[in-house]
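Student: Here's a structure for you.
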Amino acid sequence: MKIERTDALNDIYQDARSIRQAVFVGEQGIDPQLEFDGTDGQATHYVAYVQNQPVATARATVTDHGVHIQRVATLAAFRHRGYAKNVLQAILDDERYAGQTRFYLGAQQTAVGLYQTLGFQQFGQPFMEVGIRHVNMVLSR
């Protein structure tokens with residue numbers, strides 16, 4: 001497995017987009033206009049490849065509150081193999097975030113365990129977003 005990243009809307013981004021289309025729009029029924037919200041150009045996109053096939057993705061954006069991680073997804077046939085965790089670890093280890101002390105995200109309730117393995121902790125009350133129950137999570141270091 002290799003992980004690539006991009007700040008451009010290039011081929012790597014298109015691979016991330018195809019994973020998100022399959023998972024969020026195709027499987028979960030999220031409206032494509034909500035999934036592709038016009039902010040991809042401001043994010044860094046990470047894609048995990050297995051034998052040159054894109055299998056998992058996430059995006060990260062630096063905000064006033066820290067590094068915001070979003071759009072974490074793995075294609076159904078490749079789940080439970082650690083690919084999303086490796087993508088998340090690549091974000092946490094990325095030298096561009098060396099001075100950052102706070103990483104945060106809104107996790108789908110079903111994925112909370114994944115984030116906890118990386119040290120994220122839940123805060124606040126659960127909430128609904130795009131019809132799916134989420135919780136806020138943070139990792140401080």
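Student: Using a 1.4 angstrom probe with every protein chain in place, what is the largest-first accessible-area order of 88, 139?
Tutor: My answer, sorted largest first, is 139, 88.
Student: Separate question: Using a 1.4 angstrom probe on heavy atoms only, work out the carbon and sulfur share of the accessible area of the range 2-100 in %.
Tutor: With neighbouring chains kept in place, the figure for the range 2-100 is 45 percent.
Student: May I pose another question? In nm, give the distance between the simple-model label positions of residue 95 and residue 109, each being 7 Å from the Cα along the Cα-to-Cβ direction.
Tutor: Modelled inter-label distance: 4.2 nm.
Student: At 0.36 nm per residue, and after removing the present C-alpha to C-alpha distance, how many nm does the segment from residue 116 to residue 42 gain when stretched out fully?
Tutor: In short, 24.0 nm is gained.
Student: Amide H neighbours of residue 120 under 5 Å, counting only residues 5+ apart in sequence or on other chains, H built in-plane at 1.01 Å?
Tutor: Residues meeting the criterion, in which the H sits 1.01 Å from N, do not exist here.
Student: Select from 33, 109, 70 the residue whose mean-square fluctuation is largest in a Gaussian network model of the chain (Cα-Cα springs shorter than 10 Å).
Tutor: Among 33, 109, 70, the largest mean-square fluctuation in the Gaussian network model of the chain belongs to 33.
Student: Right, something else. Determine ³J(HN,Hα), in whole Hz, for all residues of the range 77-84 in sequence, where each value follows from phi through the Karplus function 6.51 cos²θ - 1.76 cosθ + 1.60 and θ = phi - 60°; x replaces Gly and Pro.
Tutor: 3J(HN,Hα) across the range 77-84, in whole Hz: 5, 10, 6, 6, 10, x, 5, 5.
Student: Running a GNM on the chain with Cα contacts under 10 Å, which residue among 106, 82, 38 ends up with the highest mean-square fluctuation?
Tutor: 38
Student: Something else now. Just to confirm a number: summing +1 for Lys and Arg and -1 for Asp and Glu over residues other than residue 73 whose beta-carbon lies under 11 angstrom from that of residue 73, what do you get?
Tutor: Around residue 73, the charge tally is +3.
Student: Over the range 2-100, what relative contact order in percent results from Cα pairs under 8 Å that are six or more residues apart?
Tutor: Reported relative contact order: 27 percent.
Student: Additional query: If you wrap a convex hull around the Cα atoms of the chain, how much volume per residue is inside, in Å³?
Tutor: Convex hull volume per residue, Cα atoms: 106 Å³.
Student: Within the range 93-128, find all residues whose amide N lies under 19 Å from a label point positioned 7 Å from the Cα of residue 79 along Cα-to-beta-carbon.
Tutor: Only 106-118 fall inside the zone, counting backbone N under 19 Å.
Student: Could you report the chain's accessible area per residue, 1.4 Å probe, as an integer in Å²?
Tutor: 52 Å²
The values are calculated or read from the model by the stated rules, or taken from the named source; none is laboratory data. It should be emphasised that the depicted structure is a prediction, and the values quoted were computed from it without experimental measurement. With ideal geometry, Cβ positions are generated from the backbone for all residues, glycine too; neighbour counts draw on all protein chains shown. Surface accessibility is based on the protein's heavy atoms, side chains included, excluding ligands, DNA and RNA. Shrake-Rupley method; radii C 1.70, N 1.55, O 1.52, S 1.80 Å.
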